[in-house]
Every structure is written in structure tokens, then in C-alpha cells.
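Notes for the one structure printed next.
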Amino acid sequence: MSCPHAMERTTPDLETSIRARQDPSATPRPHPPSPRHQLRARRHDNRVVASGSPLAWMVCRLAHHVGGDLMHVPALGYVVSGSELARSALLDTERFRKDGAAGAGAIITQIMGPSALANMEGEAHVRLRHRLQHLFTAASVTDMGPAWMRPLVDRMADRLHRGESVDMAHFARVFTGASMCHMNGIEVSGGEMERRALQMHEWGSQLVRLTSVRLRPLSPRAVRRGREVFEKLVSPADEVFRIGAEETIPGRLREAGLTAEEARGVIGMIMLAGMETTASAIPRMVALLSDLEAWPRLQAEPETVGAVIDEGLRLLAPLPGVTRTVAHDCEWGGRSLRSGRLLVVLLRNAMRDARVIERCDDFDQDRPIPDPFRHLRFGSGPHFCLGAPLASGQLSSTLSAMATAGPIDVVERRYARRVLIPSYARLVVRVRGGR
């Protein structure tokens, strides 16, 4: 979704790219990223992950170089790195559960209650997801999306076309916060919209910060603080749930037959997952394409944006890992696993499994995503992310609009520190030659 004015200015370029696709000799195809650019992109994103959580980065590196597919880390638990074992763990809800005391589900339950999706297993979880499966289909996201996506994306793209600098980390926080406002029927506009969107994002970030790599039950004080923030996050949707329009998320939950308490848990979890991971993925994807000098190709071949997103998400893994609790003593992955221990599935490592994909640390949008990776980035199995179509749509609209502006350079970057989900605190970009 690009700015209308931007499209007027770039029409000749688009016509040239169309002619080039019809006649490959008309315009040379942009070169693939060079080894030097691949290395630059890798170094910067490694720093994003390492700055966010040095402990998580250390575990990732240790598992990658020493631990093999499955290793035991004292005081943490079992760590899975291989793609096949990772997929197996996410599909096996009998041995590895989200509602166990050692996983993130226990913390979610303390704050959001027992119906927040991320802390559910068994028949209750299956029934709830079945009632929600229509909520975030590609068609429903398309219906809900353009009304709030287009103005924000167009303003950002127009600034780039004018040669101005844009902080993509700030844009992503506003963009994702505003999306949650609009989809939950919280109507704001103008300057109030940005303030409210940033407020929503900050509340979500506060809840995420209550967890860490070393999961443990929250203290009573932390639980009180978490519940206060959760109340701020979801209470505006209470009235929408009662009387709001059916096209909003609360309205759809009401029509699906959920109780008010169930709706609160679902809305809270959707807000957390929908804001934090996407707000992280947008600037990291922008930085990746800039470091790889990959914008010219996306401008020449806008239809490849889906392949760019697929490969970018494989490489970046916005959610580096997910947790489960070992339900009972068992033999698995060549090890004896003990009941009640934490199982950490490192999605970042699993999607770089060199046995499954060549040049696993390199970006290559021309290769198909191997089957073992296809759904890992959004969590395979019964806990597959409901908001995957929404996240993909947000990335697609942002990158497509930016690509019309031309080659984009990073002029300033600052990595976020002490965060569970790796991100940029600041990523300022501008079109090459802009002011």
C-alpha cells in the first residue's frame, strides 16, 4: 500500500520494471546480495539479538556450536536447536505442554487468567481455537486492514519520497499500536491516535518485560503490577465487546459465543503477540534489506515481496524461541527428559539448520522455504499464531510502500537492550541522496 503521490512519481520506474520482466535484456536484473553485504547484515542482526538478551544470545550460540539438536543447560532446562526436533516438540502436546509450571503459560495465567490462548492445552484449547479460526483469515485481515493501514503507511512513504528521514522503530510501534486500537474498536484520530497507539504498545511491552529467559513464577508484587497493566490494555475493549460493531475483534468474539472473561484473555494475548513481534519484525526487516542492498530488486520486482518476507522471517526469527514444560519423564531426542523441566525451542537456530537448507545464514529470496521451516516461524502445531496473516499483511504493506521510494540507507541505529523480543530502539532511514 503505497502513497498515491509516491505512485505518481515512480510510474516510469514501474513501467520500466514491467518491460524488463517481459524482456530481460531491456534492464539488467539487480545483482543478488554479495558476501560482503550478507556479512554486514548478519553482524547487525546478531547485535540486535545479543543486545536484547545476552543470556539468550549465549544459549543460542552454545546450542548452535556445541549442543547439537538437543542439549541440557543447567539451571535452565532442555534446549532444542534442530528443525525436525523443534517441529516435533511443537506438535507433541502430550509430552510438551504450554500450560505447565515451567513455561510462559504459567506467567500468562497469573496475569491474564486461564483463557488467554497461550496458556491453554487439551480440548478446551482446541474448542476455543475452533471458534476463533475465522478471526484472522487472509480475507478477514483484508477486510479490517486497509482502513487503518493505508493512512499510516502512506504518510511514512510520502516522507521518504520527500527525502526526509524516518525512524522505522518508532513507526512500527505506532503502526502496530494503532492496528490494535482500530481492530478492537477503539476509535482515535489525529495526534491523539499516535499518543494512544504508543501508549498501547508501551503497556504491551511492560507485560512482556515481566518474563525472561529463565522463567519463574512472578512475585505477588509483579502479579499486581502485571494485572494493573493488563487492565489498562483490555478494559477499553469491554464496552466494544458488549455493544460494539461485529467487524471488530471484540464484536467477533461476542458473536462467536465467548464470555466476557474469555474475550479478555484472547484480546490481551492478541494484543501482546500482535504488537511486540510485529513491531520488532518491521525495523529488522527494513535494516536487513538495507544492509543487503536489496531494495533495488524489490522496487524492480514488487511481486516478490512475499518471498522477501518468507526468507526474511526465516532468517530473523522475530520470536527467537518458545517454551514448553515436559509433562512426564520420557525418552526423546536421544535423551532422558525429566517431568516438570523447561523445554526451550530455539526457532532462530531451528530455521538455520544447515542439514535442511544450504548457506543457512544467508538471505536468498529465490529459494523455496523447505517444509520443516514453513510454519516454524509462527509456531507449528495447535499453537500456530492466529495473527500470522495480519503480521504478513503489515510487513507487505510497509515494505511495498518503501520500495517505491528507491534505495534506502540506514543513517542511525540503536539496538534495544534488556528485551525479551529482539528489536531496534531506533532505526533511522532515508532514501539515498535524501536530506
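Compared with the alpha-carbon gap, the fully stretched path from ARG216 to GLU202 is longer by 2.8 nm at 0.36 nm per residue. Judged by the mean number of other Cβ atoms found within 10 Å, the most tightly packed of the peptides 33-43, 169-179 leads the ranking 169-179, 33-43. When each of the peptides 355-364, 226-235 is scored by how many other beta carbons lie within 10 Å of its residues on average, the order from highest to lowest is 226-235, 355-364. Among ASN184, PHE96, HIS134, whose Cα projects farthest towards the positive end of the dipole of the stretch 4-431, with charges put on the beta-carbon of Lys, Arg (+1) and Asp, Glu (-1)? The residue sitting most towards the positive pole is PHE96. If a spin label sat at a point 7 angstrom from the Cα of VAL73 along the line to its beta carbon, the backbone N atoms of the stretch 309-323 nearer than 13 Å would be those of 320-323. The charge dipole of the stretch 87-135, taken about the Cα centre with unit charges on the Cβ atoms of Lys, Arg (+1) and Asp, Glu (-1), comes to about 140 debye, rounded to the nearest 20.
Karplus-based coupling profile of the stretch 85-97, in residue order and whole Hz: 5, 4, 5, 4, 5, 6, 8, 8, 7, 6, 8, 10, 10, with θ = phi - 60° in 6.51 cos²θ - 1.76 cosθ + 1.60 and x standing for Gly or Pro. Debye-formula intensities of the stretch 55-123, expressed as log10 I(q)/I(0) at q = 0.17, 0.25, 0.29 Å⁻¹, are -0.74, -1.10, -1.19 (one equal scatterer per alpha-carbon, no solvent). Note on CYS330 and ARG414: the model spin-label points, each 7 Å out from Cα along the C-beta direction, lie 4.5 nm apart. Each residue of the stretch 33-78 gets 80 Å³ once the volume of the Cα convex hull is shared out per residue. Computed from label points 7 Å out along Cα-Cβ, the spacing between SER339 and VAL188 is 4.8 nm.
Taken about its Cα centre, the chain carries a charge dipole of about 1540 debye when Lys and Arg each add +1 at the Cβ and Asp and Glu each add -1 at the Cβ. Once backbone amide H atoms are built at 1.01 Å from N, VAL411 has VAL428, VAL429, ARG430 as its partners under 5 Å, excluding neighbours fewer than 5 places away on the same chain. Shown here are the Rg and Dmax of the Cα trace of the chain, at 21.6, 68 Å. Per residue of the chain, the DSSP helices (runs of n ≥ 4 H) give a summed -39500 (n - 2.57) that works out to -17000 deg cm²/dmol at 222 nm. Spacing of the modelled spin labels on ARG242 and SER34, each 7 Å from Cα toward Cβ, amounts to 6.4 nm.
Each principal axis of the Cα atoms in the stretch 241-329 has its own extent, and those three values, largest first, are 50, 47, 18 angstrom. Sorted from greatest to least, the principal axis extents spanned by the alpha carbons of the stretch 277-356 come out as 55, 29, 20 Å. For the stretch 153-264, the square roots a ≥ b ≥ c of the C-alpha gyration tensor eigenvalues yield an a/c of 1.5 or more together with a/b not exceeding b/c, which makes the shape oblate.
Rounded to the nearest whole Hz, the Karplus-based 3J(HN,Hα) values (6.51 cos²θ - 1.76 cosθ + 1.60, θ = phi - 60°) of the stretch 52-61 follow the sequence x, 8, x, 5, 4, 5, 4, 5, 4, 5, with x at glycine and proline.
When each of the peptides 254-267, 400-413 is scored by how many other beta carbons lie within 10 Å of its residues on average, the order from highest to lowest is 400-413, 254-267.
Each Lys or Arg adds one and each Asp or Glu takes one away; over the other residues whose Cβ falls under 13 Å from the Cβ of GLU293, this sums to +2.
Every number in this text was worked out from the coordinates using simple rules, so none of it is lab data. Because the structure is predicted, anything quoted here is derived from the model rather than measured. Heads up, the Cβs are rebuilt from the backbone with ideal geometry, glycines too, and the neighbour counts pull from every protein chain shown.
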